[in-house]
Each structure stands twice: as structure tokens, then as C-alpha cells.
Amino acid sequence: VNGIAGELAEAFGEHLVQGYLIATKHDDGPPPSSRFIQALGAGEWDSTVGAWYAGDPIDESPDDTTPGYHFHPGTISTGIADPVQGVDSFLPDGIAYNGTAYVAVLLPEKYSVEDTPGKFIGRYRCKKIWDYDLQGNPLNYAYSFNPADVAVHHIRRSYDLKYPNDPAYAYQLFRDRVNWASYTEWWNYNAALIEWDDGTSVRNIPRFECHLAFTGAVDLGAALDQICACAGAR
């Protein structure tokens, strides 16, 4: 999250994120208690890979009393009681943060003696986006780090922003803009597995991945330049 401009980051692929603190409640006790919420970016995000406080692992909490974290992906909320994107039970007087991926944390007691939520960091699989068939029909809305999917996401978003009151027209312009055979060819080229020696073993990895985060406003041309740079494309 860009805390200065107030804009939500658009993050693709996997990232280590120290979110922007938007709510906190600290009690010296005894026993001490520390709970807080960090905004992460524009939703919908996929999942949490891991989380740490001061370098020590923090587990996901199964309820509203067990220390740990609750991950909220940033879906469109149906209300404060939404089971996915509602008000978090660690801070029940809060709001749902509609469309914003966020993490709510209740620290174990041993970490709660100080009021330092900035020591919490997570590793996340970020934006879910669409992929498409040869005719430009959407197939799957899912986590993707394929540069072709990230590029097409930005092209579609540019038309959505240009025609916010006519989504059908925006979608048609988007479909007409993309050469879908080239998209499919590029997608497959990026996803093809190649051998990589990581220093201890040789394993297979996708040829190109896109792990970019846009922390401020960016026009379509600048976004495509960065996405293509991830994949040796133009």
C-alpha cells in the first residue's frame, strides 16, 4: 500500500509485504495484548504463503481468540458480516475494507510487550486475474504470474476506467484490441518449463514470470513496458 498518496498497490505474483497500518489496539496488561490491521493492496489477492513477526513465524489463527493472523483477500464485501471480507473478529468495531486485501493480527503474548506492528511481514500470492481462450473469452479467474495475463489485465482495465458507465462497451473494445492468437502463443511460451540450476540441483521452472507491484498510478504504456521487460518481449 502506498501510504503517502493513499493509493492501493496493484501487485502481481508473489511479494514480501509490510502492509500499511490502518488500525491498532495495544494494551500493556497484564497480560499485554497487541492487535492490528495492515492494508496490503487492491484485491482480490490469492493467499498467504507465510507470515513472520521480528523474523519468527506466525501461524494463521482459526478463530477470534487464538493468536495469529487472519487474511482477507480484498473481495467485494456484501456487508460487515461477510465471512470472507467482513469486519475482522480481532477488531470487531472496525470496517470491512471493501476491495482491499488486508491482514488482521493478534500477536502472541510474548510479542505484545511492545507496540511495534511494523515488525510483522507476510509473503503473499497477490492478484487474481483472468486468462482467456483463442477468441478472447474468459476462462479462469485465478492467481497468475504469467506476463501475458498481467499485460491483458492492464489492457482490459484501461478500457474499464475509460468507460466506467458502459462495461459491455468497454469489454467489447478490449476484446477487439487484443490479438488473441498472439496472446495464447505468448502465454504458452512464458509458461514452458526450462531447466534451471539453483546451485544445489537442477529443476524445471517457467521460462518467464511477472512479479511486479505498481504502487502508484501508471498509464497503460508504462505498465506494458515493465511487464514486457519481465519476459524479454516488446
- Query: In segment 1-74, which strands (runs of 3 or more DSSP E) lie fully inside it and hold 3 or more residues that are closer than 27 Å to Phe145 by Cα and open to solvent by less than 30 Å² (accessible area, probe 1.4 Å)?
  - Reply: 33-42, 45-53, 68-72
- Kindly indicate the residue of segment 48-82 that is under 20 Å from the mean Cα position of the chain (by Cα) and of a type in the set (A, V, I, L, M, F, W, C) and also nearest to Phe36 (Cα to Cα) among those meeting that condition. Phe71
- Note on the structure: Residue hits (segment 171-190; open to solvent by less than 70 Å² (accessible area, probe 1.4 Å) and free of Cβ contacts under 8 Å to residues at least 12 places away in the same chain) are Ser182
- Item | Selected residue [closer than 21 Å to Glu7 by Cα and aromatic (Phe, Trp, Tyr)] from Tyr69, Tyr111, Tyr97 | Tyr97
- Query: Looking at Ala222, is it without any contact (Cβ under 8 Å) to a residue 40 or more places away in the chain and open to solvent by 40 Å² or more (accessible area, probe 1.4 Å)?
  - Reply: no
- Item | Qualifying residues in segment 105-151 (those that are in contact with a helix residue (DSSP H, G or I) (Cβ under 6 Å, 6 or more places away or on another chain) and open to solvent by less than 40 Å² (accessible area, probe 1.4 Å)) - the one farthest from Val49 (Cα to Cα) | Gly136
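The values are calculated or read from the model by the stated rules, or taken from the named source; none is laboratory data. Treat the numbers as computed from the prediction; the structure is a model and nothing was measured. Heads up, the Cβs are rebuilt from the backbone with ideal geometry, glycines too, and the neighbour counts pull from every protein chain shown. Note: accessible area is taken over every heavy atom of the protein model, side chains too, but ligands, DNA and RNA are not part of it. Shrake-Rupley method; radii C 1.70, N 1.55, O 1.52, S 1.80 Å.
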